[in-house]
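Novice: Here you go, one structure.
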Amino acid sequence: MKLALAQVNATVGDLRGNAERILSALAEGARRGARLLVFPEQSLGGYPALDLWEERGFAEANEDALRALAKKVRGAAALVGFVSRNKDRVGKPARNSAALLHDGQITAIRHKTLLPTYDVFDESRYFEAARANKPIAWSGLKLGVTICEDAWSKDPISKRRLYHVDPIAEQVKAGADLLLNLSASPFLRGKTAVRRTLLSHHAERHKKPLFYCNAVGGNDEIVFDGGSLAYDAKGVLRARAAFAAEDLLVIDTRTWEGASVSAEPDDAGQSGGILILGIKDFATKCGLQTAFVGLSGGIDSAVTAALAVRALGPHRVVGVSMPSSYSSAGSVEDARALAKNLDIELKTVSIEGVYQTLLQALGGGWGRGTPDLAEQNLQARARGVILMGLANKARRGFVLTTGNKSELAVGYCTLYGDMCGALAPLADAPKRLVYQLAAWLNADRVVVPRGTIEKAPSAELKPEQKDQDDLPPYDQVDDALEAWVQARLEPGRVAKIVGDRAAAETLLDRMDSSEFKRRQAPPCLKISSKAFGVGRRMPIAKAGWRVRAGL
């Protein structure tokens, strides 16, 4: 039998548009001889719909759309993810479900068993779990259908059991001939290898071919990378769909004819591709047109602008240079060179007049000598006002904020200043990764100017300023960030990794005390296992007991 994995890019709530994508894939799959097409988790309603799942009528609208879709499914069958109502009198009102559609009918429905409640996932808030699922009998086969987390009952690295139930093992025990997993698994750096290990283990352990269809595309902070996978009964990877792009992978399940393993980019290529897709889908799905990026001449704004151009095209990106008396000639020239390399419009608006007017309006004690922190922040906020004004004036304009994760971690950013924006593409990218992204963007031709890459980072808010005047070296910041936020190690171990006890104490103090800024930051595109945003919930008002323990 020929089977197809149809990794489609669904928009949350767009039931009609998502159904059209499904039908289009079905037509192409049937043309290529597929008898069954597997779609991602929630491919009809979009994932994650968050509190839309709680809205009265959303599950009912999903079911109506599913019935309408089923009537149009002829020839090839479709396994589609959707939200269904929980018809039991007990439990949450909805379920995360999959339906088999064939010959104009809804042939079978199965529900998700394991509901993730960690990091960005909060499914037990919305859904009732399945008590048991049996294979679906179809065309002489028993289809073992599971949904995303159902495959993650055991951690593939630590081997720790995460749940008491193993839905895949239950399907095999009930006689499943092949295993099908509908997934909406977000991209994380390093996760593609973990997925391969996990799914290969399932196929090899149960001696069943396994087909995994993952979602692709960005929905708010979360970006799905696709990369759908097919394994034979020995656990050997036979096919992989495209990374970070819609794809239709048609495979002969007996001969593996047509199976191919698509190339997988390196770490910087994966991260860059996901950020580009995230920017593109954020703009498209929110109906936004023109991105405004403040160009300081520094590496963060350069990488942000270059990613935006890859996502939207040069005609939809405007660079804004906002020099002051503290801006170096080199930085202004680097901003011009970047705009030329990217072929984007560059607006130049000096903040000096606005800044001096604000100093005069604030009166005594302001504007005397070297700018203090309040006066430095005033400059950043003047730039924020200009950027937001330009975006508001433009038709469907929006601002991309340019700060990286290292700065956001330690609060080296200004509320209502350089934190202004609709989306923060680099806010989950540590400084080290930003430099790697610059090298990746420059692989074919120089985009990010050499001067931007080679100069020491500086906010240029006072004379001769360098970031390292106020912070430990970024290598230490990134080491602390990885150990404290990602790995969640205790402070004593963080200090050993950083290699400087005093620097570690300073960094952890700053990380803990900057939560109030992060709470007001724009949504960031998640590419790590622990991003600042909806998946990391820390109190603002707290005592720093953990910071002192072990230091």
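Novice: Using amide H atoms built in the peptide plane, which far-off residues or other-chain residues are under 5 Å from residue 108 H to H?
Specialist: Residues meeting the amide H criterion: 100.
Novice: Follow-up question, since we're still on this one. Per residue of the stretch 157-163, what does 6.51 cos²θ - 1.76 cosθ + 1.60 with θ = phi - 60° give for ³J(HN,Hα)? Whole Hz please, x for Gly and Pro, Karplus curve as stated.
Specialist: Each residue of the stretch 157-163 in turn: 8, 7, 6, 6, 5, 9, 9 Hz.
Novice: Determine the gain in length on full extension of the stretch residue 14-residue 117; use 0.36 nm per residue of separation and subtract their C-alpha separation, reporting nm with one decimal.
Specialist: 34.6 nm
Novice: Ordered by residue, what ³J(HN,Hα) values in Hz, to whole numbers, does the stretch 446-453 give under the Karplus form 6.51 cos²θ - 1.76 cosθ + 1.60, where θ = phi - 60° and Gly and Pro are x?
Specialist: Working through the residues one at a time gives 6, 10, 7, x, 4, x, 5, 6 Hz.
Novice: Summing -39500 (n - 2.57) over the DSSP H runs of n ≥ 4 in the chain and dividing by its residue number, what mean residue ellipticity at 222 nm do you reach, to the nearest 500 deg cm²/dmol?
Specialist: Counting only the DSSP helices, I get -10500 deg cm²/dmol.
Novice: Normalised by the number of residues in the stretch 2-257, what is the relative contact order in percent for Cα pairs under 8 Å and 6+ residues apart?
Specialist: 19 percent
Novice: Turning to a different aspect of this structure: Taking θ as phi - 60°, what are the ³J(HN,Hα) couplings along the stretch 485-496 by the Karplus curve (6.51, -1.76, 1.60), each to the nearest whole Hz, with x for Gly and Pro?
Specialist: Running phi through 6.51 cos²θ - 1.76 cosθ + 1.60 with θ = phi - 60° gives 8, 6, 7, 6, 7, 6, x, x, 6, 4, 4, 5 Hz.
Novice: So if I average 1/r over every pair of distinct C-alpha atoms in the stretch 1-110 and take the inverse, what Kirkwood radius in Å does that give?
Specialist: Taking the inverse mean of 1/r over all distinct Cα pairs, the stretch 1-110 comes out at 13.9 Å.
Novice: Continuing with the same structure: What whole-number value in cubic angstrom gives the convex hull volume per residue for the C-alpha atoms of the stretch 2-257?
Specialist: 115 Å³
Novice: I would also like to ask the following. So how strong a dipole does the chain carry about its Cα centre when Lys and Arg Cβ are +1 and Asp and Glu Cβ are -1, to the nearest 20 debye?
Specialist: The dipole of the chain has a size of about 1720 debye.
Novice: Mind checking the angle between helix 191-206 and the chain's longest principal axis? C-alpha axes, 0 to 90 degrees, to the nearest 10.
Specialist: Once rounded, one gets 20 degrees.
Novice: Near the amide H of residue 37, under 5 Å away, which other amide H atoms are found, from residues 5 or more places off or on another chain, if H is placed in the peptide plane?
Specialist: Excluding prolines and chain starts, which carry no amide H, the hits are 4, 77, 78, 79.
Novice: Here's something else I'd like to know. Please list, ordered by chain and number, the residues whose modelled amide H lies under 5 Å from the amide H of residue 318; skip anything fewer than 5 residues away on the same chain.
Specialist: Close amide H contacts, sequence-distant or interchain: 291, 292, 293.
Read-outs throughout are calculated quantities, based only on the coordinates presented, and are distinct from any laboratory measurement. If you're wondering where the values come from, they're calculated on a predicted model, not measured in any experiment. For neighbour counting, all protein chains shown are included, and Cβ atoms are generated from backbone atoms with ideal geometry for every residue, glycine included.
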